[in-house]
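The values are calculated or read from the model by the stated rules, or taken from the named source; none is laboratory data. Computed from a prediction, not measured in an experiment: that's the story for all the values here. Here Cβ is always computed from backbone atoms with ideal geometry, including for glycine, and neighbour counts include all displayed protein chains.
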Amino acid sequence: MTTNANGQASFNADELQVFFRGQFVPVSEAKVSVMTHALHYGTGVFEGIRGNWNAEQEAINIFRMREHYVRLLDGCRILMLDIPYTADELCDITTQLVERNRHVSDIYIRPLAYKSEELVANLKLQELAADFTLITVPFGNYLGSDRLRCCTSSWRRVDDPMIPARIKACGIYVNSILAKTEATLSGFDEAILLNHDGHVSEGSGENLFMVKDGRIYTPGLEDNALGGITRDTVMQLARNELGLEIDMRTIDRSELYLADEVFLSGTAAHLTPVVELDCRPIANGEPGPITSELQRMYFDIVVGNNPKYRHWCTQVKTGSLVPA
Ligand code: PMP
């Protein structure tokens, strides 16, 4: 198995199963029409969930799966996507698919609820049928670096009265993709987006944290940050394990230049230090101690090695399913 620059490992597509139109089918059979509404307008919501391979357990640990599906169903409410599954049923379908695909490496799980109606010139959500599909693929390192050099994006993060920033609507990702493309073509690892009024919002696919004088700060959702599940994990660990309070407040761009530590958090990105922003080193340009400690705890937890937080992991014993 090889891994490309975006962390997606190559796999044999003939053997990969997906969940499509209520059934498990080979990916080659999961096809939609060019008339599909979501293809034209981005009328869908998706999730990115990680399953982390633990060789000793011979199991994939799916991290905080139910929380991801609760967020997906929140997005379904806003976009009027009527799919016939509860969060628990979606978890069950996911576990079954991971078992069927017999993954024995880290994986990325991509649920997608979308307007499947084959009718393009209609902008009324209430009239459009929806469907749900699910893909699981081998996945590695997403950001391609464990010490990020970032730039402030010339693109602004979408604003709630334009398109709801608190859900993972497919169409929103044109915003993230423009920012990420600009950053990487300019030689940076990741973009930091400001919100409509010029305050720090988040990365193209990650939440942002800043450490200053022993306190941790992160923008609130009113600054159009996504309510990240990794963000919540970081906040719980900082509070419960390090005894540090998190200030959720507006952050100015220049505060980041003067921060002691900056890091990004996200399912694909994990918890990764930013060592440079707009060609200025953050502090001494090395990952800071609070970031490193949180990162160490996080990596232990997501592979199911910390009994205190094992309830966050859904263990799927795929190792024993693979023929010797
Ligand atoms: N912001 C954006 C725009 C994202 O796409 C993501 C990834 N889902 C995040 C933040 C981080 O969210 P999470 O920790 O739930 O993956």
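Residues that are within 15 Å of the ligand (Cβ to nearest atom) and assigned to a loop (DSSP other than H, G, I, E, B) within segment 260-271 comprise T267, A268, A269, listed in sequence order. When R64, R100 are checked against the criterion of being touching a residue at least 24 places away in the same chain (Cβ under 8 Å) and at positive phi, R64 stands alone in meeting it. Only a single criterion out of (1) free of Cβ contacts under 8 Å to residues at least 60 places away in the same chain; (2) farther than 23 Å from E47 by Cβ is not satisfied by L277, namely (1).
Looking across segment 77-117, the residues that are assigned to a helix (DSSP H, G or I), surrounded by 20 or more Cβ atoms within 10 Å (Cβ to Cβ) and either within 16 Å of the ligand (Cβ to nearest atom) or charged (D, E, K, R) (or both) come down to L90, T94.
Of the residues in segment 49-66, at least one is modelled with pLDDT of 95 or more, in a helix (DSSP H, G or I), surrounded by fewer than 18 Cβ atoms within 10 Å (Cβ to Cβ) and within 16 Å of the ligand (Cβ to nearest atom). Out of segment 274-287, which residues are away from the ligand (no atom under 16 Å from the Cβ) and closer than 25 Å to F139 by Cβ? Across segment 274-287, the qualifying residues are V275, P287.
Under the condition of being of a type outside the set (A, V, I, L, M, F, W, C) and under 21 Å from T267 (Cβ atoms), the residues counted in segment 100-138 number 11.
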